[in-house]
Structures are given as structure tokens and as C-alpha cells.
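Below is one structure; the comments refer to it alone.
The values are calculated or read from the model by the stated rules, or taken from the named source; none is laboratory data. As the structure is a prediction and not an experimental result, all values here were calculated from the model. So basically every Cβ, Gly included, is an ideal-geometry build from the backbone, and we count neighbours across all protein chains shown. Accessible surface areas use protein heavy atoms only, side chains included; no ligands, DNA or RNA. Shrake-Rupley method; radii C 1.70, N 1.55, O 1.52, S 1.80 Å.
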Amino acid sequence: MGTKEIDLDLENKLIVKAYRNVLKSIRRTITREDKAAIRKAFEISLEAHKNMRRKSGEPYIIHPLAVAQICAEEIGLGVTSVICALLHDTVEDTDITLDLLRLKFGDKVALIIDGLTKISGVLDQPDKSIQAENFKKMLLTLSDDVRVILIKLADRLHNMRTLDSMSPKSQLKIASETAYVYAPLAHRLGLYAIKSELEDLSTKYLQSESYNYVKVKLNETKTQRNKYIRNFIEPFIQDLESQGLTYEVKGRPKSIHSILQKMKKQNVSFEEVYDLFAIRIIIDTPIETEKSDCWKVYSIVTDYYTPNPDRLRDWVSTPKANGYESLHTTVMGPKGRWVEVQIRTKRMDEIAEKGYAAHWKYKDNGQASDNGLEGWLSRVREILESPDSNAMDFLDDFKLALYTDEIFVFTPKGDLRKLPAGSSVLDFAFDIHSDLGINCIGAKLNNKLVPISHQLNNGDQVEILSSSKQKPNEDWFNFVITAKAKSKIREYFKQIRLKASQMGKEILERKFKNSKIGFNSDNLQILAKHYKLKTVSDLYYKLANEEIDRTKMDIEAILIADKNKPADIQTPAVTKPKPAANLPLDAVILSENEANMPYGFAKCCNPIPGDEIFGFVTIGEGVKIHRTSCPNALALMSNYGYRIIKAKWANAEELPKKAFVSSIKVSGIDSVGIVSIITDTISKQLQVNMKSISITSNEGLFEGNIVLEVLDTRQLETIMLAIKNASDLISVNRIDLS
Ligand code: MN
């Protein structure tokens, strides 16, 4: 074993330099006391971590320094956050105690570090429900001090930037967690730059081949892109200047993640993604004339290029809840290409890149603006405090809330309410008041009557109609998307069930009394079993609902019959694991420890050779091989990271010459002979086996699923291309979910 030479002098120099950079990056004026406190935090952290190294071999202190740097430079946080970032791993990983930190830095710092220590275990839990519980806790701390979340995001960002030195297994777990929770969180908090970097970094590890492909393509087309941008702005530069506007133009390519999403969603090649970049015009203008100056720029740009009226987004007049302000339009640029133009001021740009922290900065300057954070936090708090505390439901609802955009609707009095896009009349009713929700029978929408399920649009004015006779039913869950409405409806049913069970119990108690039989749990269990029910409370409930006819219930007969039954044959507690559905083909190589486990292919994504894959250890069915792009993969990897194993395909020569099942979807315009064109292409020209084909046609459009037997992705791609080329009227996609 060779030992790596460590140059301690050089390391110390690097550490000192990193520390100085942190100080430099704090953009607010700092007092001498602040500086002394930061120095103290640095020294404590340096001493506490002194014998620790990161997986990369670097001294550990580099990590807290980098996190502090991100907090100050990229999120725009101040002194307290920098101190906390420097100390964020000390309580968890070293001998430093919270009491010591409280003594040295005060209550505020101690509170934030405590929050950071507590949430650090979040998502490391193998048990999904514990994980959800932890996530809930994490969000609760958010209402104490949002800096806990911001520092946590900085911590995650640095870990993602340095993920190369981790084992492939940890890479998959950490990257999927990041895509699953942290990127949406950054998005919700308005930290767009951090959100896209987190997404890109996760893609780098989860779909490395696709990631590298787009990265190379982006580099190759850079000059071409810059030229296009120069041509685009050239005609109107003069006008901007003659209006006395100070401006800066940036051409921002889309993130690799979003380009890949587009390619996949629209089934197009890199070259066909038309909006690879957006042109951003940033003007430097005082806050009083911001709005009119942005529209001035809009008017200049659209003098030269025709705008698409459907793509105008005005977040200058009504900012997004996370504080985002900008004016977006899409215009027809040179060479007949649609180009997205984002118009905003320097202040707006900073908020868009750095989120709330930048807001606070502007607030400090006395230019308070309603940033919506308070509103968002109170909504989160509302969900957290609702008595229906099923953490799993909460996690799902919350994740939904993170992803969806918002709509604005008005009450009859003209008050503005923000709701997630896709909200219904019923969501709106519950948003106003839970009683109004429970009794809602419909609404008057812009003076037209609509049902409770009606989906609301931006700008709708809604008057809820209610009746005290109205009661929720199970269908209501299909009409609502907000967490508040869902939890109120669940709560309603819980109450109803509770009452019904109470009634059922009384009925049964009377019956027992009349038959002079002991009302005890043994007898009740036998009765429940007789009706094939899991619990006695199910029995109460069914009795109250008259799903069980109490008049025909003969308790005595049931109990006697039970006594005369032969004793249950003991079933063994542990059942033997079932063998994997399709036994080893030697097609896939699993990582060393699990090399000999039986495996099979996941039905949800049908991987075939050539796909990027991973293994998931199931209970009783060996290892299931999924595609890393499987719709279930993110959730699996981030929730059950410890059951993920690395898997790859055997070399081409060693792959069994076996056909793998894969499905494609064809759709397009119905014309005579379309089915025979498709089937001819597949079976005659390419001589590939079709396992099944089903095509349905509706109003001139057809859609069909074809199940094929192929050798690998290359063959599948050839088939898809051939079908596409056979007729202009057909489009072809691979199906993920079967
Ligand atoms: Mn850390």
C-alpha cells in the first residue's frame, strides 16, 4: 500500500485562503464584533474537525468553509448564517455540545444548529414512514427559522458538487434524494440557480450517459448560439440606448436536466429542442420606474419581433408567491425560431437567482415588498398542525404542493386568493372556510353555475353556493388537490366513522344483553372473524351502516359453531421466498456482494440491454432490475437507498441471444392502411417479433400499443425510426409504464 504524501503547509494555506474568501463574500457591511464571532466559529470548527478528512482526502474543514461560502455568496445570507454554516456539523460529528455553542454565540445560533443537527438524519431512515415523519419535522423547523433550510440546501449543494469521491451506491442514493426533495424545495423557495444546479448534478449521476451527451452537444453548439443571440439583439440595441436604458443581455442555455426532460416528453432529438436558451434583458433602473421600464423594453423588442400572445407572463404586476418577478414573452426570432425573452431589473434578477435572502437585503434598505414567504409558511404550518396527522399523506400532499404552479382567483368581494394550479371549486371553498367546504354544492363562476368539481382558471371570480344538507362523499377526493381540502374531508370521514362505530357498538351490546352472552373481546373477535372482518370496530361500523343485518345475526349460533371448529392448523410464520419471476439469464451483472442473488426485470419499465439500470432488492423476489429513468426509480432510490444495488449489462458478446420485451406507443392521423404500414415495417422489413398489437381509433386519430421482442435499445431505436420514416402521419414513443 502506498501512502499519499500530504503537504500540510499547502493545506493550511488553502484553508486560510478559503476562510478569507468567505469573509470577502459577505456583501453586507460587517462590524468588528461580527468579524470576531466568525473567526471564533472558524477556529472552533477547525479544532473540532482537526483529525477528520472527507472521502476525497481533503481536510474536513474545507466542507463547512465551502457551505459558508455558498450561504454568503450564492444565497446572499449574512453573518449569523455564516457562523452556523461553519459549525453545522460540529454537534453531530464532534465533541462540541449545543450548550457550548449557546454560551459562545447566543440562543439564535444554538437554535439554528440544533435544527440543522436534527434534520441531518432526515431521509437516511430506511423506513418510509419514519422518513416522512422526519420530513415533517424538518418543515416544522422551517417555521422557526427558514435559515435552517437554506443552510441545509447549501450543505446539500456542496455535497452534490463533490459527489465524485463517494461510492457509486451512495451516489445513486444521494442524487435521487436530491432530485426528490431538495431540488423541489429550492424551487419552492425561489432559489432558481440552486435548483437547476441540484437537478443537473442529480442527472449527472442518475442518467450519466444522457447527461454527458447533452453536455457535449451544448458545448459544440455554443458559438452558434452566441452568434444567434448577437443577431437577435442587434436591431434593437439602438432603441434601448436612445430610451436612456442601461441594460445587459444574457443568453442563458436551459439546464441539462430541463433539456433532457423536453427531449423525453416530446420525444425529440437535441437538435429539435427549439428553446434551448432564453434571452434575458436586465435593466438597471430605480424601483419607482421598474414596471414602466420593463414594459418599455417589451414594446421595443416586439417592435422587431412578433410576440406569441399565449406566452406572455407578467410576474411584474403580480409576483409569484416565492417572490419571483419578471416579464416573459416568446417572440418569433430570426430563422423562424421561437425565442423566449425575459425582461427584468437588476433587483428582480438578483431575487430570481438568490431567492428570499435577496429579498431581505432589499427589505433592509427600507424597500419592503410582500414576498409571500409568510403566507407560504403559514400554509405549511396549517398542514402540519391539522389533526389528521398521517405523515405519509402529508408527504405526498406536500410534494404536490412543491411542484405545482399557482393560479389567482377572486372572491365575490374582489379579494385575491392564491391556489395551486388545477384547484377546483371545492378546493376554493375549503380554502375560505372548512364549513363552507363541507356544505359546498357548487359555485357561481363569473355568474355562471358550475359544479363543485369544476377546475378554476386564473382570474376567475368565484361565489360558493352552499347548503346545510350537503355532506361530503368519497368522490370528493377526486375533485380536490389542495392539502387543506384533502385533510378536512379525511377528517370529516373519520368523525363520521367514529360516530357510526359508537352506534354499532351500542346495537351489539344490546343484542348480547338480550341473548345473555358476555360482551367481551374474545366473543367479539369470533364474531368479527365470522363476518371476515379484520377488526371489531369494522364490525361496529358495518352494523351501524346496516351492511350487516342485525336482525339475522344469531350470536349464539356463531359462537357455538366456532367452538366446534377443528383447531387452526398452524401456518409457518416465515414463508419461503418465492424465486424471481424470470430466473438468471446472465444478462445483468450485479455488484460484488449481491452477485449471486436471483434477479428479474421490473414490469414497470421493462429494461432492455442498452438502458441505464440499477437493482432493487425486493422482499422475497430477489433483485428487480429497473431503468434509472423508470418513473418509480426516484422514489425507490430515495426512500429505500439501502436496498439499491449497482447493476450493469453483460458485455455484448456474453449477452444471451434472447429477446427482451419492450413496448412502444404509436399515434397519429388515421389513414387507410396505417395498421398494415406499421406491421409490415416491423415484421416484414425488420423481421422483429410482435407479441401483441392493439390500435384504437377515435375522431380521425389513432393510438396503439405494440409489444415487441427486441435484443437491445439499438434495435428498438432502429424500429422506432423505421416506423417514423414509413409515414409522416405517425409518431412513435417508447412506453415506460406497461
Ligand atoms: Mn455537512
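3J(HN,Hα) couplings calculated from phi for the range 280-296 with the Karplus curve 6.51 cos²θ - 1.76 cosθ + 1.60 (θ = phi - 60°) are, in sequence order, 10, 10, 10, 10, 9, 8, x, 4, 5, 9, 3, 5, 5, 5, 4, 5, 4 Hz; Gly and Pro show x. Over all other residues within a Cβ to Cβ distance under 10 Å of residue 117, the charged ones net out to -3, with Lys and Arg as +1 and Asp and Glu as -1. Quick check: the distance between the Cα centres of the range 59-103 and the range 463-499, to the nearest angstrom? Cα centroid to Cα centroid, the span is 46 Å. In the context of the full protein assembly, residue 604 retains an accessible surface of approximately 20 Å², using a probe radius of 1.4 Å and ignoring ligands and nucleic acids. Centre-to-centre, using Cα atoms only, the range 186-242 and the range 10-47 are separated by 33 Å. Note on the range 15-209: with neighbouring protein chains present and a 1.4 Å probe, carbon and sulfur make up 50 percent of its accessible heavy-atom surface. A straight Cα-to-Cα reach below 20 Å connects residue 469 with the lysines 444, 488, 494, 499, residues fewer than 8 places away in its own chain not being considered. In this structure the amide hydrogen of residue 647, modeled in the peptide plane, comes within under 5 Å of the amide hydrogens of 615, none closer than 5 places in sequence on its chain.
Could you pull out the pairs from 254/296; 486/542; 55/104; 217/264 whose alpha carbons sit more than 21 Å apart here? Cα-Cα > 21 Å for 254/296; 486/542; 55/104; rest within.
Extension gain for residue 499-residue 667 works out to 55.3 nm (0.36 nm per residue, less the C-alpha to C-alpha distance).
A straight Cα-to-Cα reach below 16 Å connects residue 50 with the lysines 13, 40, residues fewer than 8 places away in its own chain not being considered. For residue 461, enumerate residues with amide H under 5 Å from its amide H, sequence gap 5+ or separate chain, H modeled in the peptide plane. Here the answer is 410, 446, since their amide H atoms fall under 5 Å of that of residue 461. Checking the Cα-Cα distances for 534/624; 35/320; 195/222; 17/227; 195/262 against a 29 Å cut-off, the pairs over it are 534/624; 35/320; 17/227. Between the amide H of residue 441 and those of 465, 466, 467, distances stay under 5 Å, these residues lying 5 or more places away or on another chain, with hydrogens modeled in the peptide plane. Within the assembled protein chains, the solvent-accessible surface assigned to residue 187 is about 50 Å², based on a 1.4 Å probe. The calculated FRET efficiency for residue 416 paired with residue 261, based on their beta-carbon distance and R0 = 45 Å, is about 0.90. Reported to the nearest whole Å, the Cα centre-to-centre distance from the range 504-527 to the range 584-640 is 51.
Rounded to the nearest angstrom and listed largest first, the equivalent-ellipsoid semi-axes of the range 588-648 from its Cα gyration tensor are 15, 14, 11. Along the range 220-229 the Karplus relation, 6.51 cos²θ - 1.76 cosθ + 1.60 evaluated at θ = phi - 60°, assigns HN-Hα couplings of 4, 9, 4, 4, 4, 5, 4, 5, 4, 5 Hz to successive residues, with x for each Gly and Pro.
Share of Cα-Cα pairs in the range 15-209 beyond 19 Å, in percent?
For the range 15-209, the fraction of Cα-Cα distances above 19 Å is 60 percent.
In the complete set of protein chains, residue-level accessible area for residue 304 is approximately 100 Å², probe 1.4 angstrom.
Of the Cα atoms belonging to the range 221-359, the radius of gyration and Dmax stand at 15.3, 45 Å. The residues packed around residue 644, meaning those with a beta-carbon under 12 Å from its beta-carbon, carry a net charge of +3 if Lys and Arg are +1 and Asp and Glu are -1.
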